[in-house]
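J.: First the structure, then my questions, so here it is.
The values are calculated or read from the model by the stated rules, or taken from the named source; none is laboratory data. The structure presented is a predicted model; accordingly, all values stated were derived computationally and were not measured. For neighbour counting, all protein chains shown are included, and Cβ atoms are generated from backbone atoms with ideal geometry for every residue, glycine included.
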Ligand code: NAI
Ligand code: CS2
């Protein structure tokens, strides 16, 4: 089959200019999705270009993505990234991927054996928020999660990412090998701490000695990752074929902006990602919080209220002045005041840049995609700042509207009475609530009563419950556009 590895590709594509044959799989990455392809793998490729080191990546998809792995192998693990600015596109071929595995066709053992190979120094992850099998409100392991229950019964044959990491570490310990660093690159508040807590919670339930060894020997750096990478669509792939000259089913389009701030806490060596633009710092938490609240918080706001308002893409919502203003106010009035940043951080400049990034008309980032998995996203994108405002008696109307927008969205019916395809690990719980309450405002209290999302404190705060109820009522009676315009 013709592909990017065995064909002439257009000369404007920037190709890897380093010797790929010297690379070793020193990183095993769980989650060969859209984001990783345009972020960590690209940073690694650009680093290799500059330092000629041997840090290669073995890609693993634990759930889905079988075709992607098959295709990647057919094209010698090469693929392209199209960085689409408002007026110009840069196309890069990525060469940092050395190998790939999928438990569906290579078997679970092959994945574990790879993770336990001596040269593997880092296991990194982009497995989505739900991949951590944590209780979203506490960040601790959810022992009732179906995958976790199965893995606790049969830890040598894991299914969850957490189960794989613990089993691979067990094997390494048994072989007398150094551990690897576990590096989360997901949009999870204090992602390294959540990865650590879930891994240790799991290990403690199966083998306390192993848990003690992990606690003493493994590090879990936190990272702040940023680049808008929408899921590939047939249109993006057709555009990439035009740009490259040959079809690349593993190709992905993204925005030009990228940022990666990493806590410098690696137990077994690390690549010099800094020479490709990443920053190693001692404390990432303020940067993570800034990004999750200002970018992701307003993204979720725009996703729910945008979808309900009839907008398919984030850039479409930005054509409506009241959405644009609400997103900026959400950043500057609802989120920025809750942050404690290192001196010199210019949050207004950050917010202005975010609005510009959201406006990029070349990126077709669907509101429906961002709306996915709200139960996992809302607590970290809005919960912390909400509590801050409740404590300080300050205005949080944008957060109340965002939460009410999410609640309306998960009812599963849009403003034209069409069904919404709600994707969320808690979707059955939402369905049960709406079956009982219909669109009645009593649904608000029922949803706020879900402890895994809202904890136990928020439902007791009548001022907050009233604010969300009012916003919800406005959305269902006047529509999302009018509700956003009222802010
Ligand atoms: P995607 O849908 O393209 O890929 C999801 C990946 O997660 C797949 O590789 C899949 O195998 C894996 N996965 C799904 N459920 C899993 C589970 N329960 N356990 C283990 N692995 C699981 O999504 P995409 O765009 O790659 O995003 C993934 C994550 O990366 C996001 O959830 C977010 O945390 C983070 N991220 C994404 C950005 C983006 O713009 N796409 C930007 C910044 C961070
Ligand atoms: C988005 C993020 O899908 C979502 O929930 O908010 O993936 C967002 O695109 C990235 O975090 C940008 O870095």
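J.: Does the stretch 75-96 contain any residue that is within 13 Å of ligand 1 (Cβ to nearest atom) and farther than 21 Å from residue 278 by Cα?
T.: no
J.: Report whether or not residue 353 is within 16 Å of ligand 1 (Cβ to nearest atom), surrounded by fewer than 18 Cβ atoms within 10 Å (Cβ to Cβ) and assigned to a helix (DSSP H, G or I). Please lay out each step first, then the result.
T.: Working: within 16 Å of ligand 1 (Cβ to nearest atom): yes; surrounded by fewer than 18 Cβ atoms within 10 Å (Cβ to Cβ): yes; assigned to a helix (DSSP H, G or I): yes.
When the stated conditions are applied, residue 353 passes them.
J.: Any idea which of 311, 323 is outside any loop (DSSP other than H, G, I, E, B), touching a helix residue (DSSP H, G or I) at 6+ places or on another chain (Cβ under 9 Å), on the phi < 0 side of the Ramachandran plot and modelled with pLDDT of 95 or more? Before the answer, list the steps.
T.: On the way: 311 fails: outside any loop (DSSP other than H, G, I, E, B).
Sole residue among the options that is outside any loop (DSSP other than H, G, I, E, B), touching a helix residue (DSSP H, G or I) at 6+ places or on another chain (Cβ under 9 Å), on the phi < 0 side of the Ramachandran plot and modelled with pLDDT of 95 or more: 323.
J.: Could you tell me whether any residue of the stretch 467-477 is over 30 Å from residue 336 (Cα atoms) and modelled with pLDDT of 95 or more? Quick ask: steps written out before the conclusion?
T.: Going through the stretch 467-477, the residues over 30 Å from residue 336 (Cα atoms) turn out to be 477.
Of the ones still in play, those that are also modelled with pLDDT of 95 or more are 477.
Checked the stretch 467-477: at least one residue is over 30 Å from residue 336 (Cα atoms) and modelled with pLDDT of 95 or more.
J.: Within 16 Å of ligand 2 (Cβ to nearest atom) and under 29 Å from residue 131 (Cα atoms): which single residue out of 31, 64, 56 fits that description? Working first, answer last.
T.: On the way: 64 fails: within 16 Å of ligand 2 (Cβ to nearest atom); 56 fails: within 16 Å of ligand 2 (Cβ to nearest atom).
Matching residue, one of 31, 64, 56: 31.
J.: From the list 343, 288, 272, exactly one residue is without any contact (Cβ under 8 Å) to a residue 24 or more places away in the chain and either surrounded by fewer than 24 Cβ atoms within 10 Å (Cβ to Cβ) or within 14 Å of ligand 2 (Cβ to nearest atom) (or both). Which is it? Don't jump to the end; show me each part of the working.
T.: Numbers: 288 fails: without any contact (Cβ under 8 Å) to a residue 24 or more places away in the chain; 272 fails: without any contact (Cβ under 8 Å) to a residue 24 or more places away in the chain.
Exactly one residue qualifies, and that residue is 343.
J.: Conditions: (1) surrounded by fewer than 20 Cβ atoms within 10 Å (Cβ to Cβ); (2) within 26 Å of residue 21 (Cα to Cα); (3) away from ligand 1 (no atom under 16 Å from the Cβ). Residue 171 meets all but one. Number of the miss?
T.: Every listed condition holds for residue 171 apart from (2).
J.: Let me ask you something else. I need the full set of residues from the stretch 1-40 which are part of a helix (DSSP H, G or I) and surrounded by 22 or more Cβ atoms within 10 Å (Cβ to Cβ), in order please. Spell out the reasoning first.
T.: Going through the stretch 1-40, the residues part of a helix (DSSP H, G or I) turn out to be 20-22, 34-38, 40.
Of everything in the stretch 1-40, those that are part of a helix (DSSP H, G or I) and surrounded by 22 or more Cβ atoms within 10 Å (Cβ to Cβ) turn out to be 35, 36, 37, 38, 40.
J.: For residues in the stretch 100-124 being over 17 Å from residue 56 (Cβ atoms) and either at pLDDT below 95 or within 12 Å of ligand 1 (Cβ to nearest atom) (or both), which is surrounded by the fewest Cβ atoms within 10 Å (Cβ to Cβ)?
T.: 104
J.: Still on this model: Considering only the stretch 240-266, state which residues are away from ligand 2 (no atom under 16 Å from the Cβ), at negative phi and in contact (Cβ under 8 Å) with a residue 60 or more places away in the chain.
T.: At the first step, the residues of the stretch 240-266 found to be away from ligand 2 (no atom under 16 Å from the Cβ) are 240-251, 263-266.
Checking which are at negative phi leaves us with 240-244, 246-251, 263-266.
Passing the criteria: 240, 243, 244, 246, 247, 248, 249, 250, 251, 263, 265, 266.
J.: In the stretch 208-218, what count of residues is obtained for those that are in contact with a helix residue (DSSP H, G or I) (Cβ under 7 Å, 6 or more places away or on another chain) and either surrounded by fewer than 21 Cβ atoms within 10 Å (Cβ to Cβ) or assigned to a helix (DSSP H, G or I) (or both)?
T.: Within the stretch 208-218, the subset in contact with a helix residue (DSSP H, G or I) (Cβ under 7 Å, 6 or more places away or on another chain) is 210-211, 213-215, 218.
Cutting the leftovers down to either surrounded by fewer than 21 Cβ atoms within 10 Å (Cβ to Cβ) or assigned to a helix (DSSP H, G or I) (or both) gives us 210-211, 213-215.
The total comes to 5.
J.: Can you pull out every residue in the stretch 185-204 that is assigned to a helix (DSSP H, G or I) and buried (at least 22 other Cβ atoms within 10 Å of the Cβ)? Step through it out loud before you land on a result.
T.: Start the filter on the stretch 185-204 by keeping residues that are assigned to a helix (DSSP H, G or I), which leaves 191-204.
191, 192, 194, 195, 198, 199, 202, 203 - these are the residues of the stretch 185-204 that are assigned to a helix (DSSP H, G or I) and buried (at least 22 other Cβ atoms within 10 Å of the Cβ).
J.: Now for a separate question. Among the residues of the stretch 355-384, which ones are more than 10 Å from ligand 2 (Cβ to nearest atom) and within 22 Å of residue 458 (Cα to Cα)?
T.: 375, 378, 379, 380, 382, 383, 384
J.: Ok, one more. Restricting attention to the stretch 219-232, which residues are more than 15 Å from ligand 2 (Cβ to nearest atom) and surrounded by fewer than 22 Cβ atoms within 10 Å (Cβ to Cβ)?
T.: Hit for the stretch 219-232 is 219, nothing else.
J.: Further question on the same structure: For the stretch 50-62, what are the residues that are in contact (Cβ under 8 Å) with a residue 40 or more places away in the chain and either assigned to a loop (DSSP other than H, G, I, E, B) or surrounded by fewer than 21 Cβ atoms within 10 Å (Cβ to Cβ) (or both)? Walk me through it before giving the result.
T.: Residues of the stretch 50-62 that are in contact (Cβ under 8 Å) with a residue 40 or more places away in the chain, as a first pass: 50-51, 53, 55-62.
Listed by number, the residues that qualify are 50, 51, 53, 61, 62.
J.: Across the stretch 219-256, what is the total count of residues that are farther than 30 Å from residue 177 by Cα and either within 11 Å of ligand 1 (Cβ to nearest atom) or not in a loop (DSSP other than H, G, I, E, B) (or both)? Even if it seems obvious, please write down each step before you answer.
T.: Keep residues of the stretch 219-256 that are farther than 30 Å from residue 177 by Cα, which gives 226-256.
Now narrow it down to the ones that are either within 11 Å of ligand 1 (Cβ to nearest atom) or not in a loop (DSSP other than H, G, I, E, B) (or both): 226-232, 234-244, 252-255.
Adding up the residues that qualify gives 22.
J.: Given the criteria at pLDDT 95 or above and under 14 Å from residue 82 (Cα atoms), does residue 270 qualify? Even if it seems obvious, please write down each step before you answer.
T.: Numbers: at pLDDT 95 or above: yes; under 14 Å from residue 82 (Cα atoms): no.
Here the answer is no, as residue 270 does not meet what is asked.
J.: Hey, another quick one. Assess whether residue 376 counts as being touching a residue at least 40 places away in the same chain (Cβ under 8 Å) and either farther than 30 Å from residue 234 by Cβ or crowded, with 19+ Cβ neighbours inside 10 Å (or both). Break it down stepwise before answering.
T.: Numbers: touching a residue at least 40 places away in the same chain (Cβ under 8 Å): yes; either farther than 30 Å from residue 234 by Cβ or crowded, with 19+ Cβ neighbours inside 10 Å (or both): yes.
Against the criterion (touching a residue at least 40 places away in the same chain (Cβ under 8 Å) and either farther than 30 Å from residue 234 by Cβ or crowded, with 19+ Cβ neighbours inside 10 Å (or both)), residue 376 qualifies.
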